[in-house]
Amino acid sequence: MCLLSIEDITSMAGSEIELEDVGKVINSEVSSEEKTNFIIQYILAQREPLLNFLKTLVFALIVFLIGRRIVKGLLRMTNRAMERKEVEVSIQKFGMSFAGFAYNILLVFIVAGILGVGTSSIVAMLGSAGLAIGLALQDSMSNLAGGVLILLLKPFKVGDYIITSGEEGTVTSIDIFYTRIHTTDNKVIVIPNGTISSSNVTNTSNQQERMLILDFMVHYSARTSDVRKLVLEILQKEEHICQDKDMSVVICALNPLRVKMQAKAWVKNSEYWPTRFALFEKIKDTLTENGIDIS
């Protein structure tokens, strides 16, 4: 234990007190009252630096809050600029995500500078943190690279109906790390961009028209020509079917108990699902009304 006399403490109090001196006094054998008085004197001696630090901290906080508002304004300006230039929606959403990240990093640099943290220190810290995070988040980096590839190669865009990674739905957004699709049963599925970029992607919205294939069963007693005639009439009366393109009704398989038939026609992409559901209902009702067994 460090032994200090009252004279030593008095001489410390009369000079500039260092934090190391506080430790020596606390570990000395002087009375508790003398220790308390010394610590009070130390705190009073640090009053001016503490006040200066608090002023700097308050100023940095004000700059941060104002900066957040400026960042939101810059993001709105960036969004409007891309809208004026008619940037593709998928690129626009990706660009907004990246811009938000960049603006906030710039704000951090400004606030850190006000607090006295050197720019070189921040860069070194970010570099070290980036390396560590990069090693820990390799999958996220692959997702980022996958997002860039999607925007460059454009296998699909926002609004397209895609099938990938065992899921299907309409693309609602392509973000930095993830792509969101909206399914027909009103679910939102979030798929990592890295997974999509390394998987097969079926884009059913890439063309204006899509082939509609309807499979249905009839009994062996049904006459194929009668079934073909009735189903073709249904297809020819359907307003959303492309009448200038080929349509057909054929036998595609012979099962032990029933005959599997298939109707093919072209339909506008935007009307694919409503037309599909409506035609199944019409085929079922028409064949039943005409005495064709579909059980």
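One line per residue, one yes/no per condition, for (1) among the acidic types (D, E); (2) within 46 Å of the chain's Cα centre (by Cα); (3) open to solvent by less than 80 Å² (accessible area, probe 1.4 Å):
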position	(1), (2), (3)
T202	no, yes, yes
E209	yes, yes, yes
L214	no, yes, yes
H219	no, no, yes
T224	no, no, yes
L230	no, no, yes
K245	no, yes, yes
S248	no, yes, yes
Exercise for the section: Evaluate the range 271-280: report whether one residue or more is more than 27 Å from G169 (Cα to Cα), open to solvent by less than 50 Å² (accessible area, probe 1.4 Å) and not charged (D, E, K, R). Expected result: no
Practice task
Inspect the range 62-71 for any residue being assigned to a helix (DSSP H, G or I), at pLDDT 85 or above, open to solvent by less than 60 Å² (accessible area, probe 1.4 Å) and not β-branched (V, I, T) and give the result as yes or no.
Solution key: yes
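Being among the hydroxyl-bearing types (S, T, Y) and either more than 16 Å from the chain's Cα centre (by Cα) or buried (at least 18 other Cβ atoms within 10 Å of the Cβ) (or both) is the filter here; which residues of the range 162-172 pass it? Quick ask: steps written out before the conclusion?
Initially, the range 162-172 is screened for residues among the hydroxyl-bearing types (S, T, Y), giving 164-165, 170, 172.
Those that are among the hydroxyl-bearing types (S, T, Y) and either more than 16 Å from the chain's Cα centre (by Cα) or buried (at least 18 other Cβ atoms within 10 Å of the Cβ) (or both): T164, S165.
Quick check on this structure: which one of I110, I133 is open to solvent by 80 Å² or more (accessible area, probe 1.4 Å), of a type outside the set (K, R), at pLDDT 75 or above and over 30 Å from N206 (Cα atoms)?
Values: I133 fails: at pLDDT 75 or above.
One residue alone meets the criteria, I110.
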Handout entry: Any pair with Cβ under 6 angstrom, 6 or more apart, that starts in the range 152-165 at a residue that is within 12 Å of I196 (Cα to Cα) and ends at one that is open to solvent by 60 Å² or more (accessible area, probe 1.4 Å)
Key = I163/T202
Exercise for the section: Taking the residues in the range 234-243 that are in contact with a helix residue (DSSP H, G or I) (Cβ under 9 Å, 6 or more places away or on another chain) and either under 17 Å from Q207 (Cα atoms) or among the polar types (S, T, N, Q) (or both) as candidates, determine which candidate is surrounded by the fewest Cβ atoms within 10 Å (Cβ to Cβ). Expected result: Q243
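Any chance the range 250-263 includes a residue that's under 26 Å from N206 (Cα atoms) and surrounded by fewer than 16 Cβ atoms within 10 Å (Cβ to Cβ)? Explain how you work it out, then say what you get.
Taking the range 250-263 as the starting set, the residues that turn out to be under 26 Å from N206 (Cα atoms) are 262-263.
Filter once more, keeping what is surrounded by fewer than 16 Cβ atoms within 10 Å (Cβ to Cβ): 262.
Within the range 250-263, one or more residues are under 26 Å from N206 (Cα atoms) and surrounded by fewer than 16 Cβ atoms within 10 Å (Cβ to Cβ).
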Practice task
Name every residue in the range 44-60 that is open to solvent by 100 Å² or more (accessible area, probe 1.4 Å) and modelled with pLDDT of 85 or more, in order of residue number.
Solution key: F59
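Which one is surrounded by the fewest Cβ atoms within 10 Å (Cβ to Cβ), of the residues in the range 180-193 that are out of contact with any helix residue (DSSP H, G or I) (no Cβ under 6 Å at 6 or more places or on another chain) and within 17 Å of N143 (Cβ to Cβ)?
First, pick out the residues of the range 180-193 that are out of contact with any helix residue (DSSP H, G or I) (no Cβ under 6 Å at 6 or more places or on another chain): 180-191.
Subset that is within 17 Å of N143 (Cβ to Cβ): 180-181, 189-191.
Working: R180: 17, I181: 24, I189: 17, V190: 12, I191: 21.
Of everything passing the filter in the range 180-193, V190 is surrounded by the fewest Cβ atoms within 10 Å (Cβ to Cβ).
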Fill in the blank from the handout: Those strands (runs of 3 or more DSSP E) completely within the range 176-295 that have 2 or more residues that are closer than 30 Å to V148 by Cα and touching a residue at least 24 places away in the same chain (Cβ under 8 Å) are 178-182, 188-192, 201-203, 209-219
Exercise for the section: Determine which single condition S90 fails, assuming it passes every other condition in (1) modelled with pLDDT under 70; (2) more than 30 Å from G147 (Cα to Cα); (3) open to solvent by less than 90 Å² (accessible area, probe 1.4 Å); (4) not aromatic (F, W, Y). Expected result: (2)
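The values are calculated or read from the model by the stated rules, or taken from the named source; none is laboratory data. The shown structure was predicted, so the numbers you read here are calculated from the model rather than taken from an experiment. Cβ sites come from the backbone with ideal geometry, for glycine too, and all protein chains shown count toward neighbours. Surface accessibility is based on the protein's heavy atoms, side chains included, excluding ligands, DNA and RNA. Shrake-Rupley method; radii C 1.70, N 1.55, O 1.52, S 1.80 Å.
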